[in-house]
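Asks: Supplied in structure tokens, the structure appears directly below.
The values are calculated or read from the model by the stated rules, or taken from the named source; none is laboratory data. This one's a predicted model, so the numbers in the text were calculated from it and none came from an experiment. As a convention, Cβ positions derive from the backbone with ideal geometry for all residues, glycine included, and neighbour counts pool all protein chains shown. SASA here: full protein model, heavy atoms, side chains in, ligands and nucleic acids out. Shrake-Rupley method; radii C 1.70, N 1.55, O 1.52, S 1.80 Å.
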Amino acid sequence: LDMEFTGLHSTSLQNNEPSLFDSPAERYVKARQSVQRFTLVQLGLALFSKENSNKYVVHSYNFFLFPSTLGIRDVEFTLSASSIQFLSHYGFDYNKFLKDGIPYMNEVQEKILRQHLLGGTWKVCSTSNADREVLKKAIDEVTTWIAAAKEEDTMILQDLNGYHMLEVQLVLRQALENVWTEPLGDKRVMVKKVSPEHRQLLENSSYDHCQKKLILLSARGFTNLFQILVKAKKPLVGHNMLLDLMHLHDKFYRPLPESYEEFKRNIHNLFPVIIDTKTVTKSVQKKCLFPRVSSLLEAYAVLCSNLNPKGPPCPVIALASGCSRYAEKKSPHEAGYDAFLCGSVLLMSAHLLLCRSTDDAVEADPSFSQYLTALAEHVNKVNFIRGGVSSINFSGEDAPCRHPPALVVHVRGWPGLTEGQIYQEFKARCRFDVRRLSKNQFILLSNKYKQLVLRDYRHHPHLQVSVYRHWRHSPSVNCLLQISGVVALWSLLAFALGGARS
């Protein structure tokens, strides 16, 4: 699985950037706000099926998605300029996303739509002039034609896209009791003049394409496929997939809960086996002398270079005939291609780990169950970028947070200094995350701890930098020491005064 979004991290929200200080629960709160603002533009799905011998055949698909507009409430989402520019650079087709995107909705939206369909208060959120013109043109054509038409006469409406096909039929049927409509495919709708009695019979037949259950099926769109994936209970594979899982939950299942633990439970119930190839490749780098890589495509290229020449060959991965474009041309950041890379990286990484973990020779045709055994320590562990843990555990408790060595900055003679100003001061030397410790102290965290910062600020007139020591710098420890000192002083004074009276 792979997804592309209209944005990643909302910059309009204060303190929303990922930070090394974040616990998984704190990061979830930040990401939840961003997921609620942005939407999916494309979802890629690659299905790996094992054939005879050591061969997997891949069917890879791209789905352009657009929020369902059939309902009582319009859907709003935000665009991030950097994300839009990034996808444009890789040739993303925004016309296809906007004009032909497959609708989707979560359970809450579906419930609202179902209530309005049953109550007859549905509407399509067609607010653009173009949509209104299409609808008006179709109604004008039918009302002009029907005045002179005889019963059983028909006419054809042309060039209707997407929801126009459904909307035109629903509006015509609601407005005129003596018309019947049927979709013909190829953007056409047939309109027939019928008697009201005949119309009633047609409405109660199983051939009615505008039955409420079929309207609901159409409005749910991609959500139908999501529910099939949930029922299948197959291993779900992604790369750096925390945001992917959050969007899956929010867009196709239910709005993201406030509780981080509830989110984890829900995802684990939906997909009991999750594997993040970012977590897996980090392990392979340590165990199998895997070169350091920064992207999924780089990981795929390195794994294809045969890192284990003496062992049994990796499984053959062949694209199905309808998906051969990916065999001929790289298409990075196209969701279907990245989904193909994800599954391929997983299989090749699992093969390397299996060869390393098995004392005896690995058989020439390992089963996928054997690969899952080799991957056991990584199952349901989703990579956690820049935070207090390396991964999030979706099938249990997360590991305790462990932060890299910290520096503490003590400020003298520089009143009103903010976290942002501290960040600007130090960013040229190293990428730090900053958090205020007390009125005149700040903590700095970095994955790349640099001694030169201590050296450069040794004689600074306003900033004194030292290594953070909890017993020395923690406000709670200092407070406890101060209270203990006061108690000890009073005890000593009371003892002295009591001795003097004696």
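Asks: Over the alpha-carbon set of the stretch 316-384, divide Rg by the Kirkwood Rh and report the Rg/Rh ratio to two decimals.
Replies: On the Cα set of the stretch 316-384, Rg over Rh gives 1.04.
Asks: Sticking with this one: For Tyr61, Tyr260, Tyr94, write out the residues from largest to smallest accessible area, computed with a 1.4 angstrom probe and no ligands counted.
Replies: Reading off the accessible areas and sorting them downward yields Tyr61, Tyr94, Tyr260.
Asks: For Tyr371, tell me the accessible area in Å² from a 1.4 Å probe, rounded to the nearest 10.
Replies: Solvent-accessible area, nearest 10 Å²: 0 Å².
Asks: Distance cut-off 20 Å, Cα to Cα: go down the list Lys136/Lys212; Lys99/Lys192; Lys30/Lys264; Lys231/Lys251; Lys30/Lys234; Lys99/Lys213 and report the pairs above it.
Replies: Lys136/Lys212; Lys99/Lys192; Lys30/Lys234; Lys99/Lys213
Asks: Could you state the per residue volume, in Å³, of the convex hull enclosing the Cα atoms of the stretch 211-314?
Replies: Residue-normalised Cα hull volume stands at 154 Å³.
Asks: Something else now. List the extent of the Cα atoms of the stretch 332-469 along each of their three principal axes, largest first, rounded to whole Å.
Replies: 70, 37, 29
Asks: Over the C-alpha atoms of the chain, what are the Rg and the largest Cα-to-Cα span, Dmax, in Å?
Replies: So, for the chain, Rg and Dmax equal 30.7, 123 Å respectively.
Asks: Rounded to a whole number, what % of the accessible area of the chain do carbon and sulfur atoms account for, probe 1.4 Å?
Replies: 54 percent
Asks: Can you give me the Rg/Rh ratio for the stretch 174-254, using Cα atoms for both radii and the Kirkwood formula for Rh? Intermediate values should be presented prior to the final figure.
Replies: Working: Rg = 19.5 Å, Rh = 16.2 Å.
Across the stretch 174-254, the Cα-based Rg/Rh ratio is 1.21.
Asks: Please express the Cα-Cα pair-distance distribution P(r) of the stretch 407-468 as a list of whole percents, one per 10 Å bin, running from 0 to the bin with the greatest distance.
Replies: Cα pair-distance distribution for the stretch 407-468, in percent: 23, 64, 13.
Asks: With +1 on each Lys and Arg Cβ and -1 on each Asp and Glu Cβ, how big is the dipole of the stretch 133-240 about its Cα centre, in debye rounded to the nearest 20?
Replies: Details: 15 positive and 14 negative charges, 162 e Å.
In total the dipole reaches around 780 debye.
Asks: How large is the dipole of the chain about the Cα centre if only Lys and Arg carry +1 and Asp and Glu carry -1, each at its Cβ, rounded to the nearest 20 debye?
Replies: Numbers: 59 positive and 48 negative charges, 473 e Å.
My answer is approximately 2280 debye.
Asks: Given N residues in the stretch 239-288, what is its alpha carbon radius of gyration divided by 2.2 N^0.38 Å? Walk me through the numbers before you get to the answer.
Replies: Working: Rg = 13.1 Å, N = 50, 2.2 N^0.38 = 9.7 Å.
Scaled against compact globular proteins, the figure is 1.34.
Asks: Please list the equivalent ellipsoid semi-axes of the stretch 263-329, computed as the square roots of five times the alpha-carbon gyration tensor eigenvalues, in descending order and whole angstrom.
Replies: 25, 21, 13
Asks: Just the accessible area for Leu8, please: 1.4 Å probe, Å², rounded to the nearest 10?
Replies: The accessible area comes out at roughly 80 Å².
Asks: Another one. When all alpha-carbon pairs of the stretch 121-217 are counted, what percent fall beyond 22 Å?
Replies: Numbers: 1163 of 4656 pairs.
Percent of Cα pairs beyond 22 Å in the stretch 121-217: 25.
Asks: Ok, one more. List every residue whose amide H lies under 5 Å from the amide H of Thr39, counting only residues 5 or more places away in sequence or on a different chain, with H placed 1.01 Å from N in the peptide plane.
Replies: Residues meeting the amide H criterion: Thr6, Gly7, Thr78.
Asks: Kindly report, to the nearest 10 Å², the accessible surface of Glu141 as traced by a 1.4 Å probe over protein heavy atoms only.
Replies: 70 Å²
Asks: To continue, here is another question. Towards the positive end of the charge dipole of the chain, with charges on Cβ (+1 Lys, Arg; -1 Asp, Glu), say which of His462, Gly396, Val293 has the farthest Cα.
Replies: Toward the positive end, the furthest listed residue is His462.
Asks: Could you sort Thr11, Thr277 by accessible area so the largest value comes first, with the probe set to 1.4 Å?
Replies: Ranking Thr11, Thr277 by accessible area, largest first, yields Thr11, Thr277.
Asks: Give the ranking of Trp414, Trp180 by solvent-accessible surface, highest area first, calculated with a 1.4 Å probe.
Replies: Largest accessible area first, the list is Trp414, Trp180.
Asks: I would also like to ask the following. Apply the Karplus parameterisation 6.51 cos²θ - 1.76 cosθ + 1.60, with θ equal to phi minus 60°, to every residue of the stretch 25-40 and state each ³J(HN,Hα) to the nearest whole Hz, in sequence, with x for glycine and proline.
Replies: Rounded to whole hertz, the list is 5, 5, 5, 4, 4, 5, 5, 4, 5, 6, 4, 5, 8, 9, 9, 7.
Asks: Report, in whole Å, the centroid distance computed from the Cα atoms of the stretch 305-342 and the stretch 46-81.
Replies: The two parts, judged by their Cα centres, are 18 Å apart.
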